[in-house]
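Working notes for the structure below.
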Amino acid sequence: MKLQQLRYIWEVAHHELNVSATAQSLYTSQPGISKQIRLLEDELGVEIFARSGKHLTHVTPAGEAILKTAGEILRKVDSIKSVAQEFSNEKKGSLSLATTHTQARYALPDTISTFIDRYPEVSLHMHQGTPMQISEMAADGTVEFAIATEALELFSDLIMMPCYRWNRCILVPRDHPLTQLSELTLEAVAEHPIVTYVFGFTGRSRLDEAFMERGLVPKVVFTAADADVIKTYVRLGLGIGIVAHMAYDSGSDSDLVPLDASHLFAPSVTKIGCRRGTFLRGYMYEFIELFAPHLTRDVVEEAFARHSKTELDALFADLELPTL
């Protein structure tokens, strides 16, 4: 059994069983990968991938178990490489993170700009996706950090650390009837068609909970993962927009009015998640602190030392989070 063979089966599984695409990503040949997978299966005495002719169709039950262990081994190998890199050149390396459009567009630019200035030799890779995809990427080691509001708590292998609180605003055209109200209420909001985030994105669950608690059924006529798309459809007159307040730009969005909705919806907390056992290099600690200054290296190391979600929650219970 060779590490190369484990890398091949892992990459094939994460390229939707497309051996040709895997070969391209690894800069090797398709026949070479297929041969090494067959040799590994022969050695183990089980099939990792089921086949129809020359095509891989699905991962076998034995393959699922083997891939899980292979992933753990490959992550340990990457950690060993990271340890060596930290001591050979502490300012050179790579950092991968996964996040949503809202975080990438509105919350992270200053952090990333400062980080790149400080660490020009660190290759920074950003992946965007749904909160579930983001959490999965952190859980399986595809990225070091996941930054999101939803779904991170579904993965027990992730250490989740709170970064900041945020709330929503109602976006309407300047002549909209809601701008004339002395007090904005959920009942008034529910009377209008709503354009907002897809369920599972950017604190959408808080929005749904608020309406449900008041026995209201919102008229959600259009959903999107991207706040800029939501604003576009508000401008087209499709409905009123409910977005993260940070997504309103007083310059480019001056044609819209942001109505404060912090009294209507409970605040949400954006967290940064990292797989338990990950070796964090010095610049990774600094990235976390740039994004959330209260998450110093000492605090992060203490979080990694906690063994359960209850212990982790206790660590951050009295923390005063900044609000965006």
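The values are calculated or read from the model by the stated rules, or taken from the named source; none is laboratory data. Note that the structure is predicted; figures quoted are calculated from it, not measured. Positions of Cβ are backbone-derived with ideal geometry, glycine not excepted, and every protein chain shown enters the neighbour counts. The area values use the complete protein model at the heavy-atom level, side chains included, leaving out ligands, DNA and RNA. Shrake-Rupley method; radii C 1.70, N 1.55, O 1.52, S 1.80 Å.
Listed by position, the helices (runs of 4 or more DSSP H) contained in region 1-117 that have at least 3 residues being closer than 30 Å to Asp249 by Cβ and open to solvent by less than 20 Å² (accessible area, probe 1.4 Å) form an empty set. In region 170-187, is there at least one residue being open to solvent by 70 Å² or more (accessible area, probe 1.4 Å), hydrophobic (A, V, I, L, M, F, W, C) and assigned to a helix (DSSP H, G or I)? No, region 170-187 contains no residue that is open to solvent by 70 Å² or more (accessible area, probe 1.4 Å), hydrophobic (A, V, I, L, M, F, W, C) and assigned to a helix (DSSP H, G or I).
Of all residues in region 240-259, those satisfying the criterion of being of a type outside the set (Gly, Ala, Ser) and either under 26 Å from the mean Cα position of the chain (by Cα) or farther than 14 Å from Ala188 by Cβ (or both) are Ile242, Val243, His245, Met246, Tyr248, Asp249, Asp253, Asp255, Leu256, Val257, Pro258. A Cβ distance below 8 Å, combined with a sequence gap of six or more or placement on separate chains, defines the contacts here; from region 112-135, residues that are on the phi < 0 side of the Ramachandran plot reach residues that are among the basic types (Lys, Arg) in the pairs Tyr119/Lys91; Glu121/Lys91; Glu121/Lys92; Val122/Lys91; Val122/Lys92. When Glu311 is tested against (1) open to solvent by 60 Å² or more (accessible area, probe 1.4 Å); (2) part of a loop (DSSP other than H, G, I, E, B), only condition (2) is not met. Restricting attention to region 140-154, which residues are under 20 Å from Ser205 (Cβ atoms) and surrounded by 18 or more Cβ atoms within 10 Å (Cβ to Cβ)? Result: Ala146, Ile147, Ala148, Thr149, Glu150, Ala151, Leu152.
The one condition from (1) open to solvent by 20 Å² or more (accessible area, probe 1.4 Å); (2) touching an Asp or Glu at 6+ places or on another chain (Cβ under 8 Å) that Pro131 does not meet is (1).
Taking the conditions exactly as written (of a type in the set (Gly, Ala, Ser), under 20 Å from the mean Cα position of the chain (by Cα), surrounded by fewer than 19 Cβ atoms within 10 Å (Cβ to Cβ) and in a loop (DSSP other than H, G, I, E, B)), does Gly237 satisfy them or not? For Gly237, the condition - of a type in the set (Gly, Ala, Ser), under 20 Å from the mean Cα position of the chain (by Cα), surrounded by fewer than 19 Cβ atoms within 10 Å (Cβ to Cβ) and in a loop (DSSP other than H, G, I, E, B) - is not met.
State which residue is surrounded by the most Cβ atoms within 10 Å (Cβ to Cβ) when the search covers only region 202-230 and only residues that are touching a residue at least 60 places away in the same chain (Cβ under 8 Å) and closer than 19 Å to Ser262 by Cβ.
In this case the residue turns out to be Thr202.
Within region 240-259, the residues that satisfy the criterion of being open to solvent by 30 Å² or more (accessible area, probe 1.4 Å) and either among the acidic types (Asp, Glu) or on the phi > 0 side of the Ramachandran plot (or both) are Asp249, Asp255.
Residues being farther than 18 Å from Ala107 by Cα and either of a type in the set (Phe, Trp, Tyr) or not in a strand (DSSP E or B) (or both) are entirely absent from region 240-248. In region 69-88, the residue that is farthest from Lys2 (Cα to Cα) out of those that are β-branched (Val, Ile, Thr) and free of Cβ contacts under 8 Å to residues at least 60 places away in the same chain is Ile80. Selection of region 262-308 for residues being among the hydrophobic types (A, V, I, L, M, F, W, C), open to solvent by 40 Å² or more (accessible area, probe 1.4 Å) and not in a helix (DSSP H, G or I) yields Ala266, Phe279.
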